[in-house]
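K.L.:
The structure follows.
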Amino acid sequence: MKKGFLIDMDGVIYGNDTLIPGADKFIEQLQKKKIPFLFMTNNSQRTPLDTVNKVAKMRIKISEKNVYTSAMATASFLSFMEPKGSAYVLGEGGLITSLSQEGYILVNNNPDFVVVGEGRNFTLEMVNNAVDMILSGSKLIATNLDPSPKKSGWTNLGIKAVVAMIEEAT
């Protein structure tokens, strides 16, 4: 049986943009001993390359094949459920890229799925559109259900709050 590590990132490898002490040495040892590992993140905003670049700034050298995001998992799941389907997306970068790589068409009308992921660029109008689409038969999918951190100065709602708003309206 092959063994390796599935490693969470935020709070394990880094906190915000600060390396957790010893995390770089741990990854170096895994690489030196050729022990497979995969960074897993529920942040759907970043692409694997974004993650590679983020940890490179912290002296951790990995490749894109060492990263698996919630956006990738969501896109894979949707591709399984409805190959070459369509989606209306409330989210950014990594989610849009992952869906496109799975052959999904991003649309503004009659999608198979309304997909909610990390992002700061969607509007209340987009949320209203998503509600109408779901009421017309589109299925709601979220990349994760992280709660809002409930601390002053935080600038990004947790996806759970956005999904709760849409669920209440539908």
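K.L.:
Restricting to segment 95-133, name every residue that is within 24 Å of LEU157 (Cα to Cα), small (Gly, Ala, Ser) and either open to solvent by 70 Å² or more (accessible area, probe 1.4 Å) or outside any loop (DSSP other than H, G, I, E, B) (or both).
P.N.:
Once the filter is applied, which keeps residues that are within 24 Å of LEU157 (Cα to Cα), small (Gly, Ala, Ser) and either open to solvent by 70 Å² or more (accessible area, probe 1.4 Å) or outside any loop (DSSP other than H, G, I, E, B) (or both), segment 95-133 yields SER98, ALA130.
K.L.:
Could you go through segment 144-153 and let me know if any residue there is under 22 Å from LEU49 (Cα atoms), open to solvent by less than 100 Å² (accessible area, probe 1.4 Å) and within 15 Å of the chain's Cα centre (by Cα).
P.N.:
The answer is yes; a qualifying residue exists.
K.L.:
Test SER86 against the criterion of being open to solvent by less than 50 Å² (accessible area, probe 1.4 Å) and touching a Gly at 6+ places or on another chain (Cβ under 8 Å), and give yes or no. Break it down into steps so the answer makes sense when it comes.
P.N.:
Numbers: open to solvent by less than 50 Å² (accessible area, probe 1.4 Å): yes; touching a Gly at 6+ places or on another chain (Cβ under 8 Å): no.
Here the answer is no, as SER86 does not meet what is asked.
K.L.:
Has segment 61-73 got at least one residue that is more than 26 Å from LYS3 (Cβ to Cβ) and either touching a residue at least 40 places away in the same chain (Cβ under 8 Å) or under 11 Å from the mean Cα position of the chain (by Cα) (or both)?
P.N.:
Narrowing segment 61-73 to residues more than 26 Å from LYS3 (Cβ to Cβ): 71.
So of that shortlist, the ones also either touching a residue at least 40 places away in the same chain (Cβ under 8 Å) or under 11 Å from the mean Cα position of the chain (by Cα) (or both) come out as 71.
Checking segment 61-73: at least one residue is more than 26 Å from LYS3 (Cβ to Cβ) and either touching a residue at least 40 places away in the same chain (Cβ under 8 Å) or under 11 Å from the mean Cα position of the chain (by Cα) (or both).
K.L.:
Same structure again: Please name all residue pairs, on different chains or six or more residues apart, with Cβ atoms under 8 Å, provided the first residue is in segment 107-131 and is over 19 Å from LEU145 (Cα atoms) and the second residue is in a loop (DSSP other than H, G, I, E, B).
P.N.:
Filtered contacts from segment 107-131: ASN110/SER136; ASN110/SER138; PRO111/GLY85; PRO111/SER138; ASP112/GLU82; ASP112/GLY85; ASP112/SER138; ASN129/ASN108.
K.L.:
Right, next: If you go through segment 27-55, how many residues are assigned to a helix (DSSP H, G or I) and among the β-branched types (Val, Ile, Thr)?
P.N.:
4
K.L.:
For segment 134-164, name all the residues that are within 23 Å of THR47 (Cβ to Cβ), modelled with pLDDT of 95 or more and either touching a Cys at 6+ places or on another chain (Cβ under 9 Å) or assigned to a helix (DSSP H, G or I) (or both).
P.N.:
Matches in segment 134-164: VAL163 only.
K.L.:
Say whether the condition of being outside any loop (DSSP other than H, G, I, E, B) and open to solvent by less than 20 Å² (accessible area, probe 1.4 Å) is met by at least one residue in segment 56-65. Spell out how you get there, then give the answer.
P.N.:
Pass one, segment 56-65, residues outside any loop (DSSP other than H, G, I, E, B): 56, 64-65.
Next cut, open to solvent by less than 20 Å² (accessible area, probe 1.4 Å) only: none.
Scanning segment 56-65 turns up no residue that is outside any loop (DSSP other than H, G, I, E, B) and open to solvent by less than 20 Å² (accessible area, probe 1.4 Å).
The values are calculated or read from the model by the stated rules, or taken from the named source; none is laboratory data. Predicted, not measured: the structure shown is a model, and the values here were computed from it. Ideal geometry is used to build each Cβ from the backbone, glycine not excepted, and the neighbour counts take in all protein chains shown. To get the accessible areas, we keep the full protein, side chains included, count just its heavy atoms, and leave off ligands, DNA and RNA. Shrake-Rupley method; radii C 1.70, N 1.55, O 1.52, S 1.80 Å.
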